[in-house]
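The values are calculated or read from the model by the stated rules, or taken from the named source; none is laboratory data. Quick caveat, the model's predicted, so the values are computed rather than measured. So basically every Cβ, Gly included, is an ideal-geometry build from the backbone, and we count neighbours across all protein chains shown. The accessibility values were calculated without ligands, DNA or RNA, using every heavy atom of the protein model including side chains. Shrake-Rupley method; radii C 1.70, N 1.55, O 1.52, S 1.80 Å.
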Amino acid sequence: MPAPADGVLPDGFFSTTNLPTYVRIKGEWRLPREPRMDSALVLDGEGVLWIKEGRRVRKGDLVAVGEAEDGSEGILVQTTLADVDDAGEFKFMTSEVSREKPIDYALMARIVVDERERGGYPIWVTGPALVHSRARNDMSWFIANGFVGALLAGNAVAVHDIEASIFGTTLGMTHTGEATSGGHGLHMRAINRVRAAGSIANAVKQGIVKDGIMYSCVVHDVPFVLTGSIRDDGPLPDVITDMLVAQDAMKRHTTKATMAILIATALHAIATGNMLPAFTMEQDGSMRELPTICVDSSEFVVSKLKDRGTHQAFGVVTNAQDFMHILRLYVERELDARGIRAGERLAARAAAGAR
């Protein structure tokens with residue numbers, strides 16, 4: 001049915017899930033572009049089928065209507081993907097989230113390395129606890145060695161990472177967790193330095209920011225999206241404060257994602273989960289589940305993410321520091337086992353680009 005007005009869907013529109021969804025058009029079952037949950041199936045004027053947020057729909061756009069997901073109304077949702085249980089595959093949805101559940105770091109390391117070796121696009125979504133917990137160096141290592149396709153975070157992650165680079169503190173705390181005199185204002189001074197430089201990239205070029213997560217993103221040309229919130233200090237000049245613009249910026253990366261690692265951030269993890277499909281397409285047209293790892297010190301965040309529809313999420317209940325330290329250790333072991341140096345692929349890509 002045609003949309004009655006810009007940003008308004010027709011009554012009875014089909015509300016999408018994050019699972020593979022096919023629409024029968026002129027006798028052919030077709031898979032739409034840019035899959036995600038909580039959106040609509042839209043056929044554009046050129047005959048291309050999309051999944052679009054309601055706000056993106058324009059008057060007259062053809063929108064699929066119906067409630068049945070079994071194909072009887074021309075819409076078929078493939079639900080078997082979440083039940084795949086092949087040997088050696090990540091086994092999602094097989095148990096409840098629990099801090100007592102064993103963590104298979106070796107398997108996660110193999111998946112992380114596989115993504116890099118196949119040229120995948122893993123997105124990392126991080127919260128400021130990652131910086132405070134002294135996992136900053138590990139995150140920088142993953143970025144520098146080609147394991148991060150894009151970084152999605154909030155203002156605080158960048159602020160405290162940059163504070164650590166300039167002053168050696170995060171929220172005024174030293175690396176040992178001790179408060180420093182006048183430390184409560186150091187993050188504000190860090191913001192001011194970057195604002196004076198005009199951008200994080202400029203601050204790196206000017207030698208203001210000399211190491212850390214944001215430094216690694218700039219130096220290794222890894223895209224990042226920093227989205228704002230009401231309580232942000234500053235914010236930094238790179239932070240997107242318009243939420244719809246921020247959502248669009250994040251979606252440009254979630255639509256390309258072949259893996260997602262969400263660490264110590266409830267709001268950003270759930271927001272990203274809502275934009276992620278539960279599957280990814282291989283170059284040969286085959287489909288596989290999109291590995292989604294959610295790390296938090298509380299079962300609550302992981303459970304809430306799954307309750308909001310990100311069924312494929314695998315929960316790791318631990319603190320950010322332990323997770324990053326141990327995952328890096330196992331990734332390095334996996335690289336050694338395969339006879340690959342950490343930066344080997346990254347150097348090869350840089351050389352190819354130079355040619």
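For region 132-147, enumerate the residues that are open to solvent by 10 Å² or more (accessible area, probe 1.4 Å), part of a loop (DSSP other than H, G, I, E, B) and modelled with pLDDT of 95 or more.
Once the filter is applied, which keeps residues that are open to solvent by 10 Å² or more (accessible area, probe 1.4 Å), part of a loop (DSSP other than H, G, I, E, B) and modelled with pLDDT of 95 or more, region 132-147 yields N145, G146.
Restricting to region 191-200, name every residue that is surrounded by fewer than 16 Cβ atoms within 10 Å (Cβ to Cβ) and either among the hydrophobic types (A, V, I, L, M, F, W, C) or not in a loop (DSSP other than H, G, I, E, B) (or both).
If the condition is that a residue be surrounded by fewer than 16 Cβ atoms within 10 Å (Cβ to Cβ) and either among the hydrophobic types (A, V, I, L, M, F, W, C) or not in a loop (DSSP other than H, G, I, E, B) (or both), then N192, R195, A196 are the ones that fit.
Go through region 48-83 and give me each residue that's among the small types (G, A, S) and on the phi < 0 side of the Ramachandran plot.
The answer is G54, A64, A68, S72, A82.
Could you please find all residues in region 290-315 being in contact with a strand residue (DSSP E or B) (Cβ under 6 Å, 6 or more places away or on another chain) and closer than 22 Å to G120 by Cα?
Of everything in region 290-315, those that are in contact with a strand residue (DSSP E or B) (Cβ under 6 Å, 6 or more places away or on another chain) and closer than 22 Å to G120 by Cα turn out to be L290, P291, T292, I293, C294, V295, Q312, A313, F314, G315.
When you scan region 270-289, do you find a residue that is farther than 30 Å from R30 by Cβ and modelled with pLDDT under 95, even just one?
no
Could you check S229 against (1) among the hydroxyl-bearing types (S, T, Y); (2) in a helix (DSSP H, G or I); (3) open to solvent by 50 Å² or more (accessible area, probe 1.4 Å) and say which number it fails?
Evaluating S229 over (1) among the hydroxyl-bearing types (S, T, Y); (2) in a helix (DSSP H, G or I); (3) open to solvent by 50 Å² or more (accessible area, probe 1.4 Å) leaves (2) as the failure.
Of all residues being under 19 Å from L276 (Cβ atoms) and out of contact with any helix residue (DSSP H, G or I) (no Cβ under 7 Å at 6 or more places or on another chain) in region 23-38, which is most open to solvent (accessible area, probe 1.4 Å)? Just the residue, please.
R33
So which of G154, G172 is at pLDDT 95 or above and within 22 Å of T265 (Cβ to Cβ)?
G154
Go through region 277-334 and count every residue that is aliphatic (A, V, I, L, M), open to solvent by less than 30 Å² (accessible area, probe 1.4 Å) and not in a loop (DSSP other than H, G, I, E, B).
Here the count works out to 12.
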